[in-house]
Amino acid sequence: MKYIDTHTHVNLRAFKDDSVETIQRALDAEVAIINVGTQIDTSRQAVALLDQFQENVYAAIGLHPSHTFAHDFEDGEEIKFKTREEHFDVAMYRELAQHERVVGIGECGLDYYRLPEDRDYDEIKALQRAAFHAQINLALELDKALCVHCRPSDGTLDAYEEMLELITAVKKEHASLRFEIHCYTGDAATALKFVELGGYIGLNGIITFDKTTRSREVVEAVPLENIILETDAPYLTPKSHRGQRNEPSYLSEVAEQIAEWKNVSIDDVAAQTTANAKKLFNI
């Protein structure tokens, strides 16, 4: 495969009627995929889809921080969902991880964006941290990559700053931890701090329509050896397909934008990011 979509959600309800066909379109476009779970049901679906394909389809399983407490989430027209509170059941996820093509734990981490005003913030953050630490431990136990979700509150880098502290502490005790920061939207300086810890920076369709200079600054600053590609489908559709449901077959547009800003060929971007993903996820 020319590309690896390291973070997609063909296991979500948006693809309930055509998940197999969507994955086949990706494979036909030379895109291998990693379907990422957000709670136990979507994690099970990610694993179930593995049996529909003999190769080039993988899964990560875990509990998204937004699913550690019940609430209605809305971020514009594109992202709307209702969550139920789930506590991370390590035994359940450990069993699910036994499939040979489960390559990651997550999507897990910290999400401080638009927390519900009717809940105690300290309580919510404590729930997120507890679930995250449990998933770090499981990733270390099973030698799986950690798929990190990190989203700060409006106008801040608070979640990124806390994440840096957490991962720095873990790496001091467990240098073997492999991790990526999915859907990175922080600044270049913070990205380089994650790189210094051995992390990979996940970039997706946001970089094709970001009206600020931040995405370009990140792409230019972070070595290609530390960048991985993702779609986060069905969300964050690249510029040329805006208004449509995103899917893994659109991944090349992200690679094209990186190639333009780094002044390298798209083949160079494809080859290096695919090698990065294989190293990170041990595939």
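Values computed for the structure shown
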| quantity | calculated |
| --- | --- |
| Hey, Q24 more than 29 Å from R129 (Cβ to Cβ) and at pLDDT 95 or above or not | yes |
| Sole exception among (1) at pLDDT 95 or above; (2) polar (S, T, N, Q); (3) more than 19 Å from Y235 (Cα to Cα) for S43, by number | (3) |
| Residues that are surrounded by 15 or more Cβ atoms within 10 Å (Cβ to Cβ), touching a residue at least 40 places away in the same chain (Cβ under 8 Å) and not in a helix (DSSP H, G or I), drawn from segment 151-161 | R151, P152 |
| Any hit, segment 258-279, residues being among the charged types (D, E, K, R) and under 27 Å from I105 (Cβ atoms) | yes |
| Candidates A259, A255, filtered to the one that is assigned to a helix (DSSP H, G or I), touching a residue at least 60 places away in the same chain (Cβ under 8 Å) and more than 21 Å from A60 (Cα to Cα) | A255 |
| Filter result for D154 (modelled with pLDDT under 95 and over 19 Å from S43 (Cβ atoms)) | yes |
| Any hit, segment 112-130, residues being under 19 Å from Q45 (Cα atoms), acidic (D, E) and outside any helix (DSSP H, G or I) | no |
| Residue check for T68: at pLDDT below 95 and not acidic (D, E) | yes |
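The values are calculated or read from the model by the stated rules, or taken from the named source; none is laboratory data. It should be emphasised that the depicted structure is a prediction, and the values quoted were computed from it without experimental measurement. Heads up, the Cβs are rebuilt from the backbone with ideal geometry, glycines too, and the neighbour counts pull from every protein chain shown.
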